[in-house]
Each structure stands twice: as structure tokens, then as C-alpha cells.
Amino acid sequence: MNSYEEALAWIHSLLKFGIKPGLKRVEWLLKRNGNPEEKIKCIHIAGTNGKGSTVEYLRSIFNEGGYSVGTFTSPYLITFNERVSINGKPIKNDELLYYAKMLKPLVDDLSQSELGSPTEFEVITVISLLYFADKKPDLVIYETGLGGLFDSTNVITPFLSLITNIGYDHMGILGDTLEEIAFQKAGIIKKGIPLISTVEQQEAIRVIEERAKAMNSKTYLLGRNFSVQHKESTYSGESFYFKGFNSITVRAQISMKGQHQIKNAALALAAVDYIRERGLYIIEPEKVRSGLFRAHWAGRFEKVSSLPDIILDGAHNLQGVQALKQTIEQHYRGRRIYLLFAALHDKAYGNMMKELEPTVDEAYFTSFDFPRAASAEQLLDESPFEKSFSISPWDKALNEIKNRLKSDDVLVITGSLYFISEVRKTFQKSE
């Protein structure tokens, strides 16, 4: 393994081992590398949607306050390296190669053991921990990949745990009920480590509080310990009121559009509030406000073209699509809406379409180059839209739709984060 390309090909080759819940393989690799996870200060975030946005709000706020921040997120939108970043800058190619070369002999040994080969996600988790332990940022924010309890990121011991929300996604792995899914997410709660959450369903809160009680962890919940109230949607984003643990209400603004984003912002603000009160990191209130507004998360209701407006949104489950629909209605009421949609075949895309049906005037279905992608015809068969068409490949579909758009029309491209990642590259090149 002598190049970045070879390192990446090796990491991706582990994808065939899919999802293998459990921490034993990661713990085995970490132990043989001096347990780097014990050398970092971190926050751990689980939840069905909103994890990435919450990570970005926190990163932006702490950076604005003068702190260096490592982030571990997934999936990526442009380059694989984005998943492991410091201050928004991805790990360099030669650094990724260095850690891959370090790990490969160990991975080969592990593959021959009864534990079997680690997955792609497990190896990138270990690479991130080695990288952050070496680089020593002031703080690292870890986003779970799937669930929490058996997610490979759950080898860390954070000083604060966050759960964004609970919704129906990855049900084949996490369970069919909100309680089962909440149980998996609540798996990130560690002994004596406080939890802050914006989960709202009572059945999910019950499960989370049971786990927190068993772990002797204090729980702080939206609506009980802190609150948020949407004020208005504007051209530049959303403005809202936030009341923190000290009962002081402040007005704040975010540039990420969508009312669901104010809950993600509130979770980040509650975390900052908790951390500041304990003197762990000191950030001036005006820095918190400016950090919040500067936060930007690619592929989340992201406008990539104007006149006509073209929006990319990584909604890939029912909850994400509900938030997308609400944001379209808030910001584009009365405009003609076109949809370009592609999804993975194992997602409940029929329900996602039904949710968008009242908002969309014309729907186009397409496919993209990904092993689990549904075909355009499969998607069209489930279409509830009065006007719907299938065009493949997606770049042909995009060009055909663009030729039909008038300047005040809106095109929304959604259905899968992997799809959005592909499409986004085209707009970046045209810039």
C-alpha cells in the first residue's frame, strides 16, 4: 500500500463485510494501538436525523470561540476524508495513508481470528481515534453511524452525550418500534455522563430516562430543562428564541433553513450552555451567536443555483422528508415545485413520496451508481404524483428538467444522501 488511492481502495474493500454490530473488533484494534480513545475529550451524538447539523453548529460555535474541534461524521458528500476533520478541514491524503498502513497488518491478523474482519466503518472509526489522539484538538465531536449501543463509535467515553431525535430508520437493524430504536440510541449513555436531548415522543423519553437512571446520568430535555420557540422564517434563514438552563431567553438566528433546524440549534446551544456553566470551555455570548449563524451543512436544504432555485436536500427517511416538506412550504409557498428523486431500494421510499405529494407539481424519478440504489422504474411504480416520469441516468434527467424550468420555479433534488453527494459534484464543477 503506497498511495492514498490504494489506501482508500483497501478501506472500501471492507464494505463487503457490511454492518456487524458489536464493539469487540474495534476494541481489539484500539488495544493494540495504545487505546487512543482514552486521550481525547469528546462529545457523542446519536439520533435518527439532525446529527450532522448539530455537529456543525457545535463545531462552528467552538471554532468561533477560539477552540480547535475534531469531527467524525458520516456519510461524506464530496471526499471520503471529510468524515475525519479538524476545524472543518478533512484529514490529508498522506495522513490517511499513514494510518491505513499502520492498521492493515493488524486488520489482517484480526480477520484470521474468531472475531473476523472489521468493517469499513470500524476501520475509519479507529483511524479517526488515532488521528485525533495525535493531533490533540481541544475537543472532538463524534456522530454515531447507526444506532448507538453497538455502534463502533461507542468505544469512546465522552464528557457529554446528546440525542437529537428518534424516528423510523434502519428498522431492520434497530427495531420496529420507537422504544426499540430509542433503546439503541440510548446505548451511548455512559455511567455518570450527563445526557441532553431534544427527543419528544413520550415512549422514547421513557426508554432514554430508564437507561440514564441505570447509568446514574443526569438527563436534560427540551421542553423541561430548556426550550425553543420559532419566531420567523426569513430569506437568510430562521430566527428563534432559546431559553437555557439559567432561564435567560435569548434571540438567535441560523442560516440553515427549516424549522426542524432550530431544534438542532437548540440542542447545540443547550450543550454549550451546560459546558460554559461548568467552566469546561469559555465562549463569549456574541461568539456563540455568530458561530451559530455561520454554521453551514452541505446537502441540507442547500441552494446550489438561483433563478430558478435548485435545492439539494439529503432527506433519506420519512422524518427527513417531513422536515423538507415543511421547509419548502415555509420558504416557497405559491411557487411551482419540481422534484428529482432517487433512493436506496431498502428505504421506505413509497411513504417518503406520499409525504411530498401535496407539495410537488411534477416528479421525476431516476437512479444513480450505487449498489443499493432503486431503479427509476421501481420508484415510478410507487409514484403517488399526478405528473411523474422516469429518466435515467440522473444527469440526463437533471438537464431535461432544467430546460423546462421557468425563473421562479423551484427544483428540489432529494431521496438519498449518497445521491445528493453525486449531484453536488456537478454543481461544484459548474461553479
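The values are calculated or read from the model by the stated rules, or taken from the named source; none is laboratory data. All values derive from a computational prediction rather than experimental measurement. A quick note on method: Cβ atoms are made from the backbone with ideal geometry, for glycine too, and the neighbour counts reach across all protein chains shown.
Odds and ends about this structure:
- Which numbered condition Leu280 misses (of (1) crowded, with 16+ Cβ neighbours inside 10 Å; (2) touching a residue at least 60 places away in the same chain (Cβ under 8 Å)): (1)
- On inspection, Val250 fails the criterion of being in the same structural domain as Pro194 (by TED's automatic domain parsing) and closer than 24 Å to His44 by Cβ.
- Matching helices (runs of 4 or more DSSP H) fully within the stretch 350-431 where at least 3 residues are farther than 23 Å from Ala298 by Cα and of a type in the set (Val, Ile, Thr): none
- Restricting attention to the stretch 14-50 and to residues that are small (Gly, Ala, Ser) and closer than 30 Å to Gly320 by Cα, the residue that is surrounded by the fewest Cβ atoms within 10 Å (Cβ to Cβ) turns out to be Gly18.
- Residue match in the stretch 292-300 (condition: at pLDDT below 95 and touching a Leu at 6+ places or on another chain (Cβ under 7 Å)): yes
- When residues in the stretch 323-349 are screened for being surrounded by fewer than 23 Cβ atoms within 10 Å (Cβ to Cβ) and assigned to a loop (DSSP other than H, G, I, E, B), 9 of them pass.
Okay, residues lined up against (1) in contact (Cβ under 8 Å) with a residue 12 or more places away in the chain; (2) on the phi > 0 side of the Ramachandran plot; (3) assigned to a helix (DSSP H, G or I):
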{"residue": "Ile181", "(1), (2), (3)": "yes, no, yes"}
{"residue": "Val199", "(1), (2), (3)": "yes, no, no"}
{"residue": "Tyr220", "(1), (2), (3)": "yes, no, no"}
{"residue": "Glu232", "(1), (2), (3)": "no, no, no"}
{"residue": "Gly258", "(1), (2), (3)": "yes, yes, no"}
{"residue": "Leu267", "(1), (2), (3)": "yes, no, yes"}
{"residue": "Asp273", "(1), (2), (3)": "yes, no, yes"}
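- Residue within the stretch 162-174 that is crowded, with 19+ Cβ neighbours inside 10 Å, assigned to a strand (DSSP E or B) and assigned by TED's automatic domain parsing to the domain that holds Ile40 present: yes
- Unique match (being under 11 Å from the mean Cα position of the chain (by Cα) and modelled with pLDDT of 95 or more) among Glu64, Glu38, Glu27, Glu56: Glu56
- Screening the candidates Gly314, Gly279 for the property of being of a type in the set (Gly, Ala, Ser) and assigned by TED's automatic domain parsing to the domain that holds Tyr76 yields one hit, Gly279.
- Scanning the stretch 309-322 for residues that are more than 17 Å from Thr234 (Cβ to Cβ) and buried (at least 19 other Cβ atoms within 10 Å of the Cβ) gives Ile310, Leu312, Asp313, Gly314, Ala315, His316, Asn317, Leu318, Gln319, Gly320, Val321.
- Selection within the stretch 254-272: residues that are of a type outside the set (A, V, I, L, M, F, W, C) and more than 17 Å from Glu200 (Cβ to Cβ). The member of this set that is surrounded by the fewest Cβ atoms within 10 Å (Cβ to Cβ) is Ser255.
- Single residue of the stretch 51-77 satisfying the filter (more than 22 Å from Leu146 (Cβ to Cβ) and of a type in the set (A, V, I, L, M, F, W, C)) that is surrounded by the most Cβ atoms within 10 Å (Cβ to Cβ): Ile61
- Within the stretch 315-334, residues that are under 12 Å from Glu357 (Cα atoms) reach partners that are of a type outside the set (A, V, I, L, M) and part of a helix (DSSP H, G or I) with beta carbons closer than 8 Å, at six or more positions or on different chains, in the pairs Val321/Glu355; Gln322/Glu355; Lys325/Glu355.
This table checks each residue for (1) within 12 Å of Leu340 (Cα to Cα); (2) in contact (Cβ under 8 Å) with a residue 40 or more places away in the chain; (3) touching a Ser or Thr at 6+ places or on another chain (Cβ under 8 Å); (4) not hydrophobic (A, V, I, L, M, F, W, C).
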site: Thr359; (1), (2), (3), (4): no, no, no, yes
site: Ala374; (1), (2), (3), (4): no, no, yes, no
site: Leu380; (1), (2), (3), (4): yes, no, yes, no
site: Ser390; (1), (2), (3), (4): yes, no, yes, yes
site: Lys406; (1), (2), (3), (4): no, yes, no, yes
site: Lys425; (1), (2), (3), (4): no, yes, no, yes
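- Extreme residue, nearest to Asn63 (Cα to Cα), among residues of the stretch 134-164 that are small (Gly, Ala, Ser) and in contact with a Leu (Cβ under 7 Å, 6 or more places away or on another chain): Ser161
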